[in-house]
Every structure is written in structure tokens, then in C-alpha cells.
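The next block holds one structure in the form of C-alpha cells; read it before the comments.
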Amino acid sequence: MADQSSNQMWGGRFAAGPDAIMEAINASIGFDKRMAAQDIAGSRAHAAMLGATGILDPKDVEAIREGLLTVLSEIEGGTFGFSTALEDIHMNVEARLKEIIGEPAGRLHTGRSRNDQVATDFKLWVRDQLDAAETGLLALMKALVAQAEAGADWVMPGFTHLQTAQPVTWGHHMMAYVEMFARDLSRVRDARARMNESPLGAAALAGTGFAIDRHMTAEALGFDRPAANSLDAVSDRDFALELLGTASICAMHLSRFAEELVIWSSAQFRFVVLSDRFSTGSSIMPQKKNPDAAELIRAKVGRIFGAQTALMMVMKGLPLAYSKDMQEDKEQVFDAADNWMLALAAMEGMVRDMTANREALEAAAGAGFSTATDLADWLVRELGLPFRDAHHITGSLVAKAEAKGCDLPDLSLDDMQSVHDGITQAVYDVLGVHNSVASRISYGGTAPVRVREQAARWKEILG
């Protein structure tokens, strides 16, 4: 048998051998200390309930309350000494509480387990993140509405396949993202409402024989009700998966917008100018202004998607109720939430600061035969042609314009009539990009009047 000292596995940080390895793999304090405030809030609610139900002496409850406040102040002040030997935030807090108040600290855990304690702490932490996401989304949506109002009648090209399709308005494009982020906001609110049941008091898995009042602790912690099944309460991580799922869809939306900002801010497009606060210069090329914040937002979606996949893999094979696998439920959630909040804040800042180049937008709006559909619609509406015939005639006119090296509005009436003799001078009224967007008055259309209606509606909703 090889000498243990010759095996690199036991070297370095694991020089003490298997005990050190077990401590390292078992400990979660390195990351779950982020839930300290939630852990102490849960313990305070639990202690108050134990006192109200007569399970604990009021003197013990008061000692626990004061001791927990001291622990919280130490943690917030940066003077608390975290120990990996104590595994997690729950045991670290309880051990310090015992140092401060003595024997009463041992009574705090009456009627609960670390299983329901950690589920409660994690739920409270996730709920706080959903509240923060709501705040971030509302701020971003307000910034987009402000951009939409400012450019409600500014014309720009609308794209499909990143090819010029039809003219739209800047305001309409901004309001498209308002609708996308509104769905994200709806998912945030749905997830929060669905998760808002308290696991506290479910104990290890079967509940407890103590006459606890779970409704009291649920109310104290802002939950709507206690979770109805103790097995499910301690083994459920759907709330974390919903956070990650919601974050993933929202991050995808942020990434799509970030991609557009990268394209639009390029020298080839010049549609927008991003502020210096969210751009960087090149280390070698002095003329460059790089949209780094947008690019980093675009990249962060991978971390968030990855976190969702990781937690799904942790949970997919677990029998009820609790398994130690579930300790792996937090690091990726913490990372994803951090990056989601950062991406929301950065995008809101970019949107507030960015300046649209109205002249460049308008110049691009009229290029690429963007009013071809308006011409086809005019042939249907004014000459009564079947749309397929109108489509064919318009295609012939586009080919003629291409051959002449001009756009559709630059064709002469003779050119038009050489393809169809029924075309009149009135056709030019629909070939300008401003006329085109103004005509799109259907509900949800790009006409400035519709954009302003939607912006006003959202301003009222957002407050």
C-alpha cells in the first residue's frame, strides 16, 4: 500500500487527511453565511412563538431575542468569526448565541430541525431576490418608456432576419422591450406568490409533537400560510428553480437587447451612442468605444442558464425528504441572482443614458426598399388587386429600382406605370417612411399615435 504522505490527495489543504476532506465537503458556511439575516429572522420568529405557546419560559425567550440581535450586529459589523467546523450558518449562529446567553440558547431549536430551518432561510433569501428583481424590472421599464416617449415619431428600420423589413418607430421598438420585461415582472410576481408558504415547523420531515403555532411564525415572517405537508416543506426547492427559470427568461431578454445595443452602437449602424459610464476605450486603438456593459450582460445569460441546469440535476433523482445533495442548492442560485441583479441595473443605466441618433435612424429607415409592403397594400386597397398580384408587381418595381440604383420613392411615375398602368401619383403618399409608420394604426401598431397611447398606459401602470 502506498504511503499516505506520497499521495497528493492528502497534500496541501488536506494535509490532515480524511477528517479535513470530510469537513471541507460537508461545510457550507463559506457560502450560506449570506443567509445570516434570514436565519436570525427565522430564529427570532420561532423563539417568539415558543414563548407565546408556553413551550419556552418568557425569560429564555427574551434572552434568545437579545442574544440573536447581538449576533446579527456582530455579523453586520464584520466582527463575527465564522467556523467551517460548525458546518453552516445555522450552527455558527447557535454556537455564538450559546457563548453569549448560555443554556437558553440550547432551547431555541425546540420544535424544529435544520431541515425546516434551512428551507425557511433559503425561501426568505429567494423571496428577497424576487423583490429586488421586481424593483430592477420596474426601473428598467420606466427607462424604456421614457425613451419611447422621446422618440415616439422617430422612424427607424424594422428588421426580420436582420434584413430591412418595414419602417417602425424608435418608440415602438422601445415599447416592445417594455412588453417583454412586463412578462418577466409577471413571472417574478407569480413565483413570489406561489413560494410564499412557510416550511418552519415541518421539523426534520414529519412535523413535531410540540404544540407549536405554525401560523404565527408564518405570519411573523411575511408568509401567506404554513406549508401544508411537512415532507414536501423540507424537500421542496421549486421556489429556487422558479427564481432561476424566471431569471433565465429575463436574462435572455436582456441579452437580446444587449445584442441590439452592440450592433446599434457600431460605426456601421450609428443608431445609438452609449454613455462613457457603460463603455470602455481600447488599449491600443484610440478611436474605439467598446460597449462592454452590453457585451457582459449578453454573456451573463450563460451563467444563469447554467445555474438552472445545475439545480435541476441536483434535484432530479432525490427521494423524499431531505438529502445532503440539497446543500448544493445555493451557490449557483446566489451567483445567478447576483448576476441577474447586476445585469438589470446595468441595462437600466444604459437605457437611461443612451442617446438615439435620429438622423441615422431615419436614413436607414428608408433604405432597403422598406416601403415595399406599403406599395403592395396600396395596390390592393386602391386598385382592388389580389394581394398575390400586388406582391408580384411590387417585386418587379423593386427589381427596376435596384437596376436603376435607387429606392422605390425615386422611381418616376412612368417607371411605375410601365409595370402596371393603373398606378397613379397618389402612390407616392405611401412610399415615404413617415407616411408608412403613420398608417400602421392597428392596435399594437407602430404608428406614433399608438406608441404614445401605449407609453401613457404603461406610465399609469408603473406609477
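The values are calculated or read from the model by the stated rules, or taken from the named source; none is laboratory data. On a predicted model such as this, the values are computed, not experimentally measured, just so you know. Surface accessibility is based on the protein's heavy atoms, side chains included, excluding ligands, DNA and RNA. Shrake-Rupley method; radii C 1.70, N 1.55, O 1.52, S 1.80 Å.
General observations
- Given a 1.4 Å probe and the protein chains as shown, PHE210 ends up with an accessible area of around 100 Å².
- Counting only heavy atoms of the protein chains and using a 1.4 Å probe, ASP57 has close to 80 Å² of accessible surface.
- Cα centroid separation, the stretch 423-463 to the stretch 194-237 (Å): 53
- Largest to smallest in accessible area, the residues VAL188, VAL61 fall in the order VAL61, VAL188 (1.4 Å probe, all protein chains included).
- Taking a straight line from the alpha carbon of LYS330, these lysines sit under 26 Å away, with near neighbours fewer than eight places off in the same chain left out: LYS33, LYS123, LYS300, LYS316.
- In this structure THR135 has an accessible area near 90 Å², from a 1.4 Å probe over the protein heavy atoms.
- In the stretch 20-110, the inverse of the mean reciprocal separation of distinct Cα atoms equals 13.4 Å; this is its Kirkwood hydrodynamic radius.
- Candidate aspartates and glutamates - alpha carbon under 18 Å from LYS289, same-chain residues fewer than 8 apart omitted: GLU259, GLU260, ASP276, ASP353
- Kirkwood hydrodynamic radius over Cα pairs of the stretch 367-462, then Stokes diffusion coefficient at 10 °C and 1.306 mPa s, in µm²/s: 110
- Measuring nothing but how far apart in sequence close Cα pairs (under 8 Å, 6+ apart) lie, relative to its length, the stretch 20-110 scores a relative contact order of 42 percent.
- Shape of the stretch 74-115, Cα gyration tensor, a/c cut at 1.5: oblate
- Computed with a 1.4 Å probe over protein heavy atoms only, the accessible surface of the chain comes to 47 Å² per residue.
- Candidate residues THR446, THR79, THR355: accessible-area rank, largest first, probe 1.4 Å: THR79, THR355, THR446
- P(r) tail, the stretch 226-343: Cα-Cα pairs separated by more than 25 Å, 42% of all pairs.
- Taking every full run of DSSP H in the chain, the ones that stretch at least 15 Å from end to end by Cα along their long axis and average -1.0 or higher on the Kyte-Doolittle scale are 36-52, 58-77, 89-101, 114-150, 170-195, 238-264, 292-315, 331-353, 372-383, 387-404, 448-462.
- The sum of -39500 (n - 2.57) across all DSSP H runs of n ≥ 4, divided by the residue count of the chain, sets its helix-only mean residue ellipticity at 222 nm to -20000 deg cm²/dmol.
- Straight-line cross-link reach from LYS142 at under 16 Å between alpha-carbon atoms covers these lysines, not counting any fewer than eight positions away in the same chain: LYS459.
- Accessible-area order (highest first, 1.4 angstrom probe) of the listed residues HIS46, HIS172, HIS215: HIS215, HIS172, HIS46
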